[in-house]
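We did not get these values from a lab; they are worked out from the coordinates using the rules stated. Source: prediction; values computed, not measured.
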Amino acid sequence: MRLDDGRVIPTFVSQALKAQPITVHGDGMQTRSLCYVSDLVDGVVRMAKSAHPGPINIGNPRETTIIELARSVRDRCVSDSDIVLGPEKAEDPRRRMPDISLASSVLGWEPKTSFEDGLDLAIPWFSSRIAGTAACTDAGAPGAGR
């Protein structure tokens, strides 16, 4: 995962660790459902091994507001970054939340890693990348081999 790929977690963590303002587009009340990578991989592997023919949503149904995410990242990074609201992006949906009932019933799958635990696992990895001290490749990203 690249730090500059435009995704919310790398962007917020990078901004917080660099003591830059954390930029929230819109009012921050839009929601996202964040799924930790090892949980996602487990779900995809179960899907690949199943006989179920159709699509199955894999994700985390717990919604988190973007402003809550920004505050959590700032707190966990022990950062003094301000959280600033910017213009809303026209292409940005207000809500993202998967219905994982089929994954639960057909695959016996549900995410195991909480949003908070996922941040606690990811932040040190991002920190080492920003500091330039990591000798790992993207294969050493949080959740790999977990």
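For semi-axes √(5λ) of the Cα gyration tensor in Å, one of (1) 28, 20, 12; (2) 34, 17, 13; (3) 37, 20, 14 was computed from the structure I shared and the rest are decoys. Which label?
So the structure-derived entry is (1).
Amide H of Trp109 versus every other amide H placed in the peptide plane: which residues, excluding those fewer than 5 positions away on the same chain, fall under 5 Å?
It is Ser104, by chain and number.
With contacts defined as alpha carbon pairs under 8 Å and 6 or more residues apart, what's the relative contact order of the chain in percent?
Dividing the mean separation by the residue count of the chain yields 35 percent.
What aspartates and glutamates does Lys49 reach when the alpha-carbon gap must be under 19 Å and sequence neighbours fewer than 8 apart in one chain are set aside?
By straight Cα distance, Lys49 reaches Asp39, Glu110.
Considering amide H positions built from the backbone, and no H for Pro or chain starts, which residues 5 or more places from Ile100, or on another chain, come under 5 Å of its amide H?
So Ile100 has HN proximity to no qualifying residue.
Which whole-Hz ³J(HN,Hα) couplings does segment 76-88 yield from phi under the Karplus relation 6.51 cos²θ - 1.76 cosθ + 1.60, θ = phi - 60°, glycine and proline marked x?
Once θ is set to phi - 60°, the couplings for segment 76-88 become 6, 8, 6, 10, 9, 4, 6, 9, 10, 8, x, x, 6 Hz.
Using Cα atoms only, what is the angle between the long axis of helix 115-131 and the major principal axis of the chain, expressed in degrees (0 to 90) to the nearest 10?
Around 50 degrees separate the two axes.
Give a residue-ordered list of calculated ³J(HN,Hα) values for segment 47-61 (Karplus: 6.51 cos²θ - 1.76 cosθ + 1.60, θ = phi - 60°; whole Hz; x for Gly, Pro).
Those phi angles translate into 5, 4, 7, 7, 8, 5, x, x, x, 9, 5, 10, x, 10, x Hz.
Gaussian network model of the chain, Cα springs within a sub-10 Å range: biggest mean-square fluctuation belongs to which of Val45, Val73, Val13?
Fluctuation is largest for Val45.
Using modelled amide H (1.01 Å from N, peptide plane; none on Pro or chain starts), what sits under 5 Å from the amide H of Asn60, excluding residues fewer than 5 places away?
Placed amide hydrogens put Cys35 under 5 Å from Asn60.
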